[in-house]
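All remarks here apply to the structure that follows.
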Amino acid sequence: MIKRLILIRHGETSSNKADPTRKLTERGIFQIQKSASRISELIRPNTVILSGNTNRTLQSTRILSKLLNITTITNRPSLQINKFSKFLNNSADPIKSYVEASQLNILPKGVETISQALNRFEKVASPLIKNNSCLIIVGHGGFLDIIIKFHPWFENRPHSSWLQYGQVKYTDIKSDRI
């Protein structure tokens, strides 16, 4: 059996990165509404949505859930790279800087490695994908980029750096690979 995994970056928020409670802007709401329209043909019966635990991912998830009439999983893990913010202000391409530092084993103290992020993702996603025909995950750009770039489920999917707000990537997975 083939399962489908859909990843969506939350919609645009205010530019105040220091505010962990920031919400979607009007443009961010529109981006997620547009994403819902784009993925409506990708979803299948027995589809669920998993959201990260921040306001912006929860708000994005509520919009998708309502527009697509899909159940939301109540478990809300962190779907961002722990301490990734250390790369956001110091680089034109934060994900590239993070990947390079991780591969050279020179990450700042406390920053989650690529392997740690992938293991955490798999621990959360595998049981949900096994028990459903389609899983939608709403998370943060850096975390989702790492999944797309390094997780075997996405190994044949082209991807350029840094998912844009509301951007969607998906893959189909054979059950024996879960």
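Summary table
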{"item": "Flag for residue 147 being within 12 Å of the chain's Cα centre (by Cα) and over 18 Å from residue 87 (Cβ atoms)", "result": "no"}
{"item": "Residue within segment 137-157 that is touching a Lys or Arg at 6+ places or on another chain (Cβ under 8 Å) and of a type in the set (D, E, K, R) present", "result": "yes"}
{"item": "Residue in segment 103-122 that is modelled with pLDDT of 90 or more and under 22 Å from residue 46 (Cβ atoms) present", "result": "yes"}
{"item": "Filter pass, residue 7 being surrounded by 13 or more Cβ atoms within 10 Å (Cβ to Cβ), at pLDDT 90 or above, under 15 Å from the mean Cα position of the chain (by Cα) and of a type outside the set (Val, Ile, Thr)", "result": "yes"}
{"item": "Those residues of segment 10-22 which are crowded, with 16+ Cβ neighbours inside 10 Å and either out of contact with any Gly (no Cβ under 7 Å at 6 or more places or on another chain) or of a type outside the set (Gly, Ala, Ser) (or both), in sequence order", "result": "10, 12, 13, 22"}
{"item": "Counted residues, segment 36-85 - those being in a helix (DSSP H, G or I), among the polar types (S, T, N, Q), surrounded by 15 or more Cβ atoms within 10 Å (Cβ to Cβ) and out of contact with any His (no Cβ under 6 Å at 6 or more places or on another chain)", "result": "5"}
{"item": "Residue pairs meeting the criteria (Cβ under 9 Å; at least 6 apart or on separate chains; first within 18 Å of residue 52 (Cβ to Cβ), in segment 143-161; second among the basic types (Lys, Arg) and modelled with pLDDT under 90)", "result": "148/157"}
{"item": "Check on residue 112, touching a Lys or Arg at 6+ places or on another chain (Cβ under 8 Å), surrounded by 12 or more Cβ atoms within 10 Å (Cβ to Cβ) and among the charged types (D, E, K, R)", "result": "yes"}
{"item": "Test: residue in segment 36-47 that is aliphatic (A, V, I, L, M), touching a Gly at 6+ places or on another chain (Cβ under 9 Å) and at pLDDT 95 or above", "result": "no"}
{"item": "Checking residue 81 against (1) over 14 Å from residue 139 (Cα atoms); (2) touching a helix residue (DSSP H, G or I) at 6+ places or on another chain (Cβ under 8 Å); (3) at pLDDT 90 or above, the condition it does not meet", "result": "(1)"}
{"item": "Residue match in segment 89-109 (condition: over 20 Å from residue 1 (Cα atoms), acidic (Asp, Glu), surrounded by fewer than 21 Cβ atoms within 10 Å (Cβ to Cβ) and touching a residue at least 40 places away in the same chain (Cβ under 8 Å))", "result": "yes"}
{"item": "Close pairs from segment 111-132: first over 13 Å from residue 175 (Cβ atoms) and in contact (Cβ under 8 Å) with a residue 12 or more places away in the chain, partner part of a helix (DSSP H, G or I) and of a type in the set (D, E, K, R), Cβ under 9 Å, at least 6 apart", "result": "111/86; 112/120; 114/149"}
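To keep it simple, each residue is scored yes or no on (1) farther than 24 Å from residue 38 by Cβ; (2) of a type in the set (Ser, Thr, Tyr); (3) touching a His at 6+ places or on another chain (Cβ under 7 Å); (4) surrounded by fewer than 18 Cβ atoms within 10 Å (Cβ to Cβ).
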| site | (1), (2), (3), (4) |
| --- | --- |
| 122 | yes, no, no, yes |
| 131 | yes, no, no, yes |
| 166 | no, no, no, no |
| 172 | no, no, no, yes |
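The values are calculated or read from the model by the stated rules, or taken from the named source; none is laboratory data. Just so it is clear, the structure is predicted and the values come from calculations on it, not from any experiment. Quick reminder, even Gly has a Cβ in these numbers, built from the backbone with ideal geometry, and neighbours come from all protein chains shown.
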